[in-house]
Amino acid sequence: QVQLVESGGGLVQAGGSLRLSCAASERTFSSYTMGWFRQAPGKEREFVAAITWSGGSTYYADSVKGRFTISRDNAKNTVYLQMNRLKPEDTAVYYCAAQEIAGTRDADFGSWGQGTQVTVSS
């Protein structure tokens, strides 16, 4: 399994921006499709975005399309989530994960970070 560590969360006002980072321990990081998920209090964890190993393809949940951008730097074993025009409903713990089988379900990803809290105030 890939060890993942997220950072960059915090408190921001609605309309603001944050950039999350996820650093991976494995040299094989560049072979994985990577994803970001989030879990709000009392809700199930949900898919946010994913990026293929080369960065050539990206996928987004409808709720963040046009506001969030996923990217990666394979030389640094790091995947990023740039979050703009944040809304209070974006408040959640954000997790990065390495995909094991094709798909955007929780179960399609096998390695998870510990999460980073994002709080958006109105």
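The values are calculated or read from the model by the stated rules, or taken from the named source; none is laboratory data. Worth saying up front: this structure is predicted, and the values here are computed from it rather than measured. So basically every Cβ, Gly included, is an ideal-geometry build from the backbone, and we count neighbours across all protein chains shown. Ligands, DNA and RNA are stripped out before the accessible areas are found, and what is left, the full protein with its side chains, is counted by its heavy atoms. Shrake-Rupley method; radii C 1.70, N 1.55, O 1.52, S 1.80 Å.
Normalised by the number of residues in the chain, the average gap of Cα pairs under 8 Å and 6 or more apart makes the relative contact order 36 percent. What the phi angles of segment 59-71 give under the Karplus curve with 6.51, -1.76 and 1.60, with θ = phi - 60°, is a coupling list of 9, 9, 5, 4, 5, 10, 4, x, 10, 10, 9, 9, 8 Hz, glycine and proline written as x.
For the chain, what % of the accessible area comes from carbon and sulfur atoms, probe 1.4 Å? C and S fraction of accessible area: 46 percent. In the chain, the sites counted are GluC sites (Glu not before Pro) in DSSP loop states with at most 15 other Cβ atoms within 10 Å, and the longest stretch holding none of them, exclusive of the sites, is 45-99. Under the rule a/c < 1.5 gives rounded, and otherwise a/b versus b/c splits prolate from oblate, where does segment 1-73 land using the Cα gyration tensor? Taking the square roots of the gyration eigenvalues as a ≥ b ≥ c, segment 1-73 is prolate. Phi angles across segment 81-89 convert, under the Karplus curve 6.51 cos²θ - 1.76 cosθ + 1.60 with θ = phi - 60°, into 3J(HN,Hα) values of 9, 8, 10, 10, 6, 5, 10, x, 6 Hz, Gly and Pro given as x. Each residue of segment 100-113 was assigned a 3J(HN,Hα) from its phi angle through the Karplus curve 6.51 cos²θ - 1.76 cosθ + 1.60 (θ = phi - 60°); the sequence is 9, 10, 4, x, 10, 7, 3, 5, 7, 10, x, 10, 10, x Hz, with glycine and proline shown as x.
Net charge in the neighbourhood of Gly15 (other residues with Cβ under 9 Å of its Cβ; Lys, Arg +1, Asp, Glu -1) is +2.
Taking the Cα centre of segment 71-122 as origin and assigning +1 to Lys and Arg Cβ atoms and -1 to Asp and Glu Cβ atoms, the resulting dipole is close to 200 debye.
This model, with +1 at the C-beta of Lys and Arg and -1 at the C-beta of Asp and Glu, gives segment 20-62 a dipole about its Cα centre of some 100 debye. Think of each Lys and Arg Cβ as +1 and each Asp and Glu Cβ as -1; about the Cα centre, that makes the dipole of the chain roughly 320 debye. Toward the positive end of the charge dipole of the chain, with +1 on the Cβ of Lys and Arg and -1 on the Cβ of Asp and Glu, the farthest Cα among Gln1, Gly66, Gly115 is that of Gly66.
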